[in-house]
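The values are calculated or read from the model by the stated rules, or taken from the named source; none is laboratory data. Note that the coordinates shown come from a computational prediction; the quantities given were computed from them, not determined experimentally. No Cβ is skipped: glycine too gets one built from the backbone with ideal geometry, and neighbour counts run over all protein chains shown. Remember, those area values only see protein heavy atoms, side chains included, never the ligands or the DNA or RNA. Shrake-Rupley method; radii C 1.70, N 1.55, O 1.52, S 1.80 Å.
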Amino acid sequence: MMPVGGKRVMREKTVCFAGYSIIPHQDYPKVKARLEAAIIDLISKGYTDFVAGGDIGFHTFAAQTVLRLKKDYTEIKLHLVLPARNYMDGWSKAVIASHQKILQNADEVEYISDKCKRSSIRRRNQRLVDMSSACICFLLKRTGGAAYTVRYARTKKLQIISII
């Protein structure tokens, strides 16, 4: 088991997310539908803990989907592993408000560091993978943080579920 914010999660029942901050607008409905279907499938297989990284885009979709599904699947939990306490600096008021709702409704929140640096994001991505046995991903290219996270997940033998 891995501690998260003082609690313990069972790695074999935990899913992380990896995906891009920018999702083409025309893909929103498809990405949301496939994401929800993948989460429900994993819930049916006994997964109970879902860990998101707090970024805009795919991580936001993932966190919102888990929170919405908690109404029907009361056993599931949303854990947030955020790169830093100031990770929202520079975001618009509307995006911050949306993320505040996610923070308020998450079951656990963990911060990697106080100030956001490139290394905090990489460490956050590694932490997401290290806590999990499955990874739901939305990848459009082979570069960037999401691609790095999925490569790292493969080295750790996670089940990879692509929703492209």
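Scanning the stretch 74-94 for residues that are of a type in the set (D, E, K, R) and not in a loop (DSSP other than H, G, I, E, B), which turns out farthest from the chain's Cα centre (by Cα)?
Out of the qualifying residues, it is 93.
Could you identify the single residue in 148, 111 that is aromatic (Phe, Trp, Tyr), open to solvent by 10 Å² or more (accessible area, probe 1.4 Å), out of contact with any Cys (no Cβ under 9 Å at 6 or more places or on another chain) and under 16 Å from residue 54 (Cβ atoms)?
Step by step, each of 148, 111 is checked, and only 111 is aromatic (Phe, Trp, Tyr), open to solvent by 10 Å² or more (accessible area, probe 1.4 Å), out of contact with any Cys (no Cβ under 9 Å at 6 or more places or on another chain) and under 16 Å from residue 54 (Cβ atoms).
Residue by residue, here is whether (1) open to solvent by 10 Å² or more (accessible area, probe 1.4 Å); (2) among the hydroxyl-bearing types (Ser, Thr, Tyr); (3) farther than 15 Å from residue 138 by Cβ holds:
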position: 13; (1), (2), (3): yes, no, yes
position: 17; (1), (2), (3): no, no, no
position: 21; (1), (2), (3): yes, yes, no
position: 25; (1), (2), (3): yes, no, no
position: 33; (1), (2), (3): yes, no, no
position: 47; (1), (2), (3): yes, yes, yes
position: 52; (1), (2), (3): no, no, no
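Against the conditions (1) modelled with pLDDT of 95 or more; (2) in contact with a strand residue (DSSP E or B) (Cβ under 7 Å, 6 or more places away or on another chain), where does residue 151 fall short? Just the number, please.
The failed condition is (2).
Please tell me if residue 102 is of a type in the set (A, V, I, L, M), without any contact (Cβ under 8 Å) to a residue 12 or more places away in the chain, out of contact with any Pro (no Cβ under 8 Å at 6 or more places or on another chain) and assigned to a helix (DSSP H, G or I).
So residue 102 does not fit the description; no.
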